[in-house]
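Everything on this sheet refers to the single structure shown next.
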Amino acid sequence: MRTGDYKQSYGELVALIDSPPVWLWSAVLLLALIAAPFVLNSYALSFLMIILITVTGALGLNILTGYTGLISLGHVGFLVTGAYAYAVLVSRYHMPPLVGFLGAGVVPALASLIVGAPSLRLKGLYLAITTLAFSFIINTVILEMRWLTNGARGIQVQRPEMFGISFDSDAAFTYLCLAIAALTLLGTLNIRRSRVGRAFVAIRDNDTAARVMGINLHAYKLLAFVTSAFITGIAGALYGIYLSFVSVEGFPFLLSIEALAILIVGGLGSALGAVLGTVLIVLLPEATRLVFSLFSAQMDATFATGAQELKSMLYGLVIILFLRFQPRGLVGAWHDIKRAWVHWPLRY
Amino acid sequence: MQYLIQLLISGLAIGAIYGLIAMGFAVIYKSTGLVNFAQGEMTMITAYIAWTISTTVSGNVFVVAIGAILAAVALGLIIERLVMRPMLGEPVFATVMVTIGLAVILRSAINFIWDAYPHGLELGMGRGIVHLGGIGVRTGQLAVIATLLLLLASIWAFFRYSKVGVAMRAVAADDRTALLMGISATRVHALAWAASSVIAGIGGVFFALSYDLSPAMFQLGLRAFPATILGGLDAVLGSGLGGLLIGITENLAGGYLGSGMKEVAGFAMIIVVLMVRPFGIFGERDIERV
């Protein structure tokens, strides 16, 4: 009988994948995702694209809020900066898309140094408020810099062509999103098990203690900001390409809330949680619509007229319910289920 | 000079509205230790209810005022009982996220129940113009400044002299000791939510009176936010005065630097305030024990 997972060395504890079944299922998932564009129709494919882009952004926020414990209410600011950096470089100055993606990462990372600087003095709520203020300021800056950003009119963005491959079709673009999302996932998982990741988590758990242990708070907090903004910026560029149009209205403040909702629903501080949370939050409105339409055509009509409102109400409700009843998120629920499965009928 | 005075007066008027909402933030922060991100939405609901009363029941000022205050009290109590009380004892991050979730729900509920078009709150007053030394001022603007000053004075007296006010300060200072002294913390929290809802609601109704009701009104909460930070999150009176300062700053920035600056002047200001004096002008410095 299996009695539990015993880790006997530090290497086993930090292993990326700790058991053969996880290898197998990860491979199956990857193959399924690769096969998906051939199987799915374009409606379902658009959901897959959104999920992959959102996963990238959520993983970016997860580094800052999940690992390092610095709450950001203004992550949409990095998202919009990344999208604009890409749009300006590629559509306006006709740079190669690869340079555009690099810029989409680097520009928000530089901006995050400015936003991150107050974090050296501020904690918790006050930092959240600073990031909130930043996201409003960045919108105004973009609207005012008309010579560069076209102001409120926005910038048209084409699907890119890189390495001699055109990402014009939906399937090809999905592969691009998949590649970036997979790389980000691998990257964040590896950050988590490195020296840097352990420093982040130490800061989250108790920053005074972390400092006593010899962690340079300033350097690591700024590093968390820069890494998080870099990843989020690239997600922003992808989202801009997906919308094929970059404007301030395309990135409403609600996206910041949605990103936090994803982390809470998935389970704070876990890469798997970010992925699970994204899938749930992105598919939730669609799933609700399906359930409603099962009941009656009339409810379906109500949903169609007030779709946007019901969608945001659902976000709010899901955030509150998860915080109230399952604060550890889907990952926590998954752990509980696994434990119950192994130990049944015993409790421990 | 004329232009400057005009800007200052309209800045004071909008600043008084920010001040009222900022006091709402501070009342809740002072007694429960959390920032209520749904303040703007609660303000907005009260204003919409006032508008509904004025169009369906009666346009009489007193009927609308009493109805709106009762509705605000009920709203505050319901939210405290159903949403916030179960979160008692949870980490601050979780509780604050709950208010954000609540904000999203309330905002969409407003769009769902009422419509997305702007409405004017017509009570047959508040839009008339009085001339003060050659400068036209709306009566509503004068009324809101007067209301703010009146509320500031009465709240100061309430916290200073009344038994309930002292109990609230005790809970804010140290809830466990307050509990041992026989003060019911939950009752104090409920009172704080109701009071905050009413104070902010008054601001909302005045806003609707001088400007218009619209779904974008929830932004009032975000605009009033810098006021609380400036005055100090735990300083109720300071927040009220902070509102006036923010209102003036915004209007001067908008008048002399362009309308884009008006939008962000408050936010730029809080970043500076947070860097220099994170606890605000009138707030108390947090002392952290290891």
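A few notes on this one:
- Qualifying position, being of a type in the set (A, V, I, L, M), within 14 Å of chain B (Cβ to nearest Cβ) and either exposed (fewer than 13 other Cβ atoms within 10 Å of the Cβ) or touching a helix residue (DSSP H, G or I) at 6+ places or on another chain (Cβ under 6 Å) (or both), among A:Leu178, A:Leu143: A:Leu143
- Listed by position, the helices (runs of 4 or more DSSP H) contained in region B:149-225 that have at least 1 residues being of a type in the set (S, T, N, Q) are B:175-180, B:185-210.
- Residue count, region A:322-348 (criterion: surrounded by fewer than 20 Cβ atoms within 10 Å (Cβ to Cβ) and either within 9 Å of chain B (Cβ to nearest Cβ) or in a loop (DSSP other than H, G, I, E, B) (or both)): 9
- Residue count, region B:218-260 (criterion: more than 13 Å from chain A (Cβ to nearest Cβ) and not β-branched (Val, Ile, Thr)): 17
- Selection of region A:228-239 for residues being in contact with a Ser or Thr (Cβ under 9 Å, 6 or more places away or on another chain) and over 24 Å from B:Ile100 (Cβ atoms) yields A:Phe230, A:Ile234, A:Leu238.
- Residue list for region B:158-208, restricted to those being among the small types (Gly, Ala, Ser), free of Cβ contacts under 8 Å to residues at least 40 places away in the same chain and farther than 16 Å from B:Lys30 by Cβ: B:Gly182, B:Ser184
- Here B:Glu263 passes the criteria (1) in contact with a Ser or Thr (Cβ under 8 Å, 6 or more places away or on another chain); (2) buried (at least 24 other Cβ atoms within 10 Å of the Cβ); (3) of a type outside the set (S, T, N, Q); (4) within 12 Å of chain A (Cβ to nearest Cβ) except the one numbered (2).
- Flag for A:Asp207 being more than 25 Å from A:Pro96 (Cβ to Cβ) and of a type in the set (Asp, Glu): yes
- For A:Ile215, the criteria (1) free of Cβ contacts under 8 Å to residues at least 40 places away in the same chain; (2) part of a helix (DSSP H, G or I) hold in every case but one, which is (2).
- Residue check for B:Ala208: more than 11 Å from chain A (Cβ to nearest Cβ), hydrophobic (A, V, I, L, M, F, W, C) and in contact with a His (Cβ under 9 Å, 6 or more places away or on another chain): yes
- Residue in region A:109-116 that is in contact (Cβ under 8 Å) with a residue 12 or more places away in the chain, out of contact with any Lys or Arg (no Cβ under 9 Å at 6 or more places or on another chain) and farther than 26 Å from B:Phe279 by Cα present: yes
- For B:Val73, the requirement of being of a type in the set (Val, Ile, Thr), at pLDDT 85 or above and out of contact with any Gly (no Cβ under 7 Å at 6 or more places or on another chain) is met.
- Single unsatisfied condition, A:Asp207 versus (1) more than 27 Å from B:Ile105 (Cα to Cα); (2) without any contact (Cβ under 8 Å) to a residue 60 or more places away in the chain: (2)
- Any chance B:Thr32 is closer than 29 Å to A:Arg324 by Cα and in contact with a His (Cβ under 7 Å, 6 or more places away or on another chain): yes
- Flag for B:Val27 being farther than 27 Å from B:Ala235 by Cβ and assigned to a helix (DSSP H, G or I): no
- Positions within region A:1-53 being in a loop (DSSP other than H, G, I, E, B), among the hydroxyl-bearing types (Ser, Thr, Tyr) and farther than 28 Å from A:Arg195 by Cβ, in sequence order: A:Thr3
- Search result, residues across region A:169-219 that are of a type in the set (A, V, I, L, M), within 25 Å of A:Ala237 (Cβ to Cβ) and at pLDDT 85 or above: A:Leu176, A:Leu178, A:Ala179, A:Ile180, A:Ala181, A:Ala182, A:Leu183, A:Leu185, A:Leu186, A:Leu189, A:Ile191, A:Val196
Table: residues versus (1) more than 25 Å from B:Phe112 (Cβ to Cβ); (2) crowded, with 24+ Cβ neighbours inside 10 Å.
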{"position": "B:Ala194", "(1), (2)": "no, no"}
{"position": "B:Gly201", "(1), (2)": "no, yes"}
{"position": "B:Gly204", "(1), (2)": "no, yes"}
{"position": "B:Ser210", "(1), (2)": "yes, no"}
{"position": "B:Pro226", "(1), (2)": "yes, yes"}
{"position": "B:Gly242", "(1), (2)": "yes, yes"}
{"position": "B:Ile246", "(1), (2)": "yes, yes"}
{"position": "B:Glu250", "(1), (2)": "yes, yes"}
{"position": "B:Gly258", "(1), (2)": "yes, no"}
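- Tallying residues that are farther than 30 Å from A:Gly154 by Cβ and in a helix (DSSP H, G or I) within region A:249-300 yields 21.
- Answer residue from region A:148-166, given it is without any contact (Cβ under 8 Å) to a residue 40 or more places away in the chain and not aliphatic (A, V, I, L, M) and is surrounded by the most Cβ atoms within 10 Å (Cβ to Cβ) among those: A:Asn150
- Of the listed requirements (1) touching a residue at least 24 places away in the same chain (Cβ under 8 Å); (2) surrounded by fewer than 21 Cβ atoms within 10 Å (Cβ to Cβ); (3) assigned to a loop (DSSP other than H, G, I, E, B), B:Leu237 misses just one: (3).
- Search result, residues across region B:56-83 that are in a helix (DSSP H, G or I) and free of Cβ contacts under 8 Å to residues at least 40 places away in the same chain: B:Thr56, B:Phe62, B:Val63, B:Ile66, B:Gly67, B:Leu70, B:Ala74, B:Ile78, B:Leu82, B:Val83
- Those residues of region A:153-180 which are within 20 Å of A:Tyr84 (Cα to Cα) and in contact with a Leu (Cβ under 6 Å, 6 or more places away or on another chain), in sequence order: A:Met162, A:Phe167, A:Cys177
- Total residues in region A:188-204 satisfying the condition of being touching a residue at least 12 places away in the same chain (Cβ under 8 Å) and either within 20 Å of the chain's Cα centre (by Cα) or loosely packed, with under 13 Cβ neighbours inside 10 Å (or both): the figure is 11.
The values are calculated or read from the model by the stated rules, or taken from the named source; none is laboratory data. This structure is a prediction, so every number in the text was calculated from the model and none was measured. Reconstructed Cβ throughout: ideal geometry from the backbone, glycine too, with neighbour counts over all protein chains shown.
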